[in-house]
Amino acid sequence: MADTSKLFNDKSDLYAKARPTYPYELFEFMMGLCEHHRSVWDCATGNGQAALGLSQCFDNVCATDISETQIANHLDIENTKFSVSPAEKTEFDTGMFDCVNVAQALHWFDFDEFWPEVKRVLKPTGLFITYSYGWFVVTKEIDEIIEDSVKSVIAPYWAPQNQLVIDGYRDVVFPFEKLTVPDISISTQWDFSGLMNYLHTWSATRRCMQDQGDSFFVHAEAKLKQAWGDPSRVRTATAPLTIIAGYPNK
């Protein structure tokens, strides 16, 4: 758990700038599954990318993260209380939440401890939902450069947990019957610096830099800049969401 905290303390300011927020379509789907919309726990909130959408759907959002610096760099969101806490043990009251939300973070948890905590803090009819995204696509040329000059270089530096995301959480055992979910994608608008900031937020990128130096990243940046064109040009990047939802206490 301490290692996870340190991993996401690094470059937390870049997370706030570069990590995408989630489509409202996702939160509309979530709202339809919740009996009540009073309170939601956004577990492992990071800087609050999902809390932003949750705050428009629930009266109160409790957003926690194990990383102090992620919380220190959180987005300014109304009706949202940010605090530092591990996912597996919180100070929340029993039966407190209508929904427990986990965005892009489930793979880091100790499931033996996390699932009992989810069941404890959820109301009897409360919803659990988690979602994640893998690789964004921009253009064929840009995607190929990222694959050859970044992803192939940093591949050995991904933590084993990241494979769970790549595999769409297929090997995670969920303590509930999975609900049918819609196909929803996440998209964001980046200029060139936004793309590079995003690539820099990858934990494997930073680990590779610590081990090998940043020459590979500088080389990739030069190639990508040429393919991008005008650095101020804004391009759309898109990725499908893996969404899993259910009612753990039913």
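Can you find a residue in the stretch 89-96 that is surrounded by 17 or more Cβ atoms within 10 Å (Cβ to Cβ), among the aliphatic types (A, V, I, L, M) and in contact with a Phe, Trp or Tyr (Cβ under 6 Å, 6 or more places away or on another chain)? The answer is no, given that none of the residues of the stretch 89-96 is surrounded by 17 or more Cβ atoms within 10 Å (Cβ to Cβ), among the aliphatic types (A, V, I, L, M) and in contact with a Phe, Trp or Tyr (Cβ under 6 Å, 6 or more places away or on another chain). Evaluating Ala50 against the criteria (1) among the aliphatic types (A, V, I, L, M); (2) in contact with a Ser or Thr (Cβ under 8 Å, 6 or more places away or on another chain); (3) assigned to a loop (DSSP other than H, G, I, E, B) leaves one unmet condition, (3). Pairs linking a residue in the stretch 147-163 that is in contact (Cβ under 8 Å) with a residue 40 or more places away in the chain and β-branched (Val, Ile, Thr) to a residue that is surrounded by fewer than 15 Cβ atoms within 10 Å (Cβ to Cβ) and part of a helix (DSSP H, G or I), with Cβ atoms under 6 Å and 6 or more positions apart or on different chains, do not occur.
Residues Cys57, Cys43, Cys34, Cys62: which one is closer than 16 Å to Tyr131 by Cβ and without any contact (Cβ under 8 Å) to a residue 40 or more places away in the chain?
Answer to the selection: Cys57.
Checking each residue of the stretch 181-192 against the condition of being crowded, with 16+ Cβ neighbours inside 10 Å and either part of a helix (DSSP H, G or I) or charged (D, E, K, R) (or both) gives at least one match.
Quick one: Ala222 ticks every box in (1) within 18 Å of Asp143 (Cβ to Cβ); (2) touching a residue at least 12 places away in the same chain (Cβ under 8 Å) bar one, so which box is it? Among (1) within 18 Å of Asp143 (Cβ to Cβ); (2) touching a residue at least 12 places away in the same chain (Cβ under 8 Å), the lone unmet condition for Ala222 is (2).
Among residues of the stretch 147-164 being assigned to a helix (DSSP H, G or I) and of a type in the set (A, V, I, L, M, F, W, C), the one that is nearest to the chain's Cα centre (by Cα) is Leu164.
Close Cβ contacts (under 9 Å, 6 or more residues apart or on different chains) running from residues in the stretch 80-93 that are under 18 Å from Ser55 (Cβ atoms) to residues that are of a type in the set (Phe, Trp, Tyr) comprise Phe92/Trp41.
Residues in the stretch 235-250 that are surrounded by 15 or more Cβ atoms within 10 Å (Cβ to Cβ) and over 21 Å from Lys140 (Cβ atoms): Leu241, Thr242, Ile243, Ile244, Ala245, Gly246, Tyr247, Pro248, Asn249. None of Ser203, Ser232 is of a type in the set (Ser, Thr, Tyr) and surrounded by 17 or more Cβ atoms within 10 Å (Cβ to Cβ) except Ser203. The single condition among (1) part of a loop (DSSP other than H, G, I, E, B); (2) modelled with pLDDT under 95 that Phe176 does not satisfy is (2). In the set (1) modelled with pLDDT of 95 or more; (2) assigned to a helix (DSSP H, G or I), the condition left unmet by Asp3 is number (1). Determine whether the stretch 219-234 contains at least one residue that is part of a strand (DSSP E or B) and touching a strand residue (DSSP E or B) at 6+ places or on another chain (Cβ under 8 Å). No: zero hits. Hey, any hits in the stretch 19-35 for a residue that's modelled with pLDDT under 85 and under 24 Å from Pro182 (Cα atoms)? Within the stretch 19-35, one or more residues are modelled with pLDDT under 85 and under 24 Å from Pro182 (Cα atoms).
Residues are listed down the side, and each one gets a yes or a no for (1) more than 20 Å from the chain's Cα centre (by Cα); (2) part of a loop (DSSP other than H, G, I, E, B); (3) of a type in the set (A, V, I, L, M, F, W, C); (4) surrounded by fewer than 19 Cβ atoms within 10 Å (Cβ to Cβ):
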{"site": "His74", "(1), (2), (3), (4)": "no, yes, no, no"}
{"site": "Asp98", "(1), (2), (3), (4)": "yes, no, no, no"}
{"site": "Asn101", "(1), (2), (3), (4)": "no, no, no, no"}
{"site": "Tyr131", "(1), (2), (3), (4)": "no, no, no, no"}
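For first residues located in the stretch 174-202 and under 18 Å from Val234 (Cβ atoms) and touching a residue at least 12 places away in the same chain (Cβ under 8 Å), partners that are part of a loop (DSSP other than H, G, I, E, B) and of a type in the set (A, V, I, L, M) and lie 6+ apart or on another chain with Cβ distances below 7 Å form the pairs Gln189/Val234; Trp190/Val234; Asp191/Val234.
The values are calculated or read from the model by the stated rules, or taken from the named source; none is laboratory data. This structure is a prediction, so every number in the text was calculated from the model and none was measured. Note: ideal-geometry Cβ built from the backbone for every residue, glycine included; neighbour counts use all protein chains shown.
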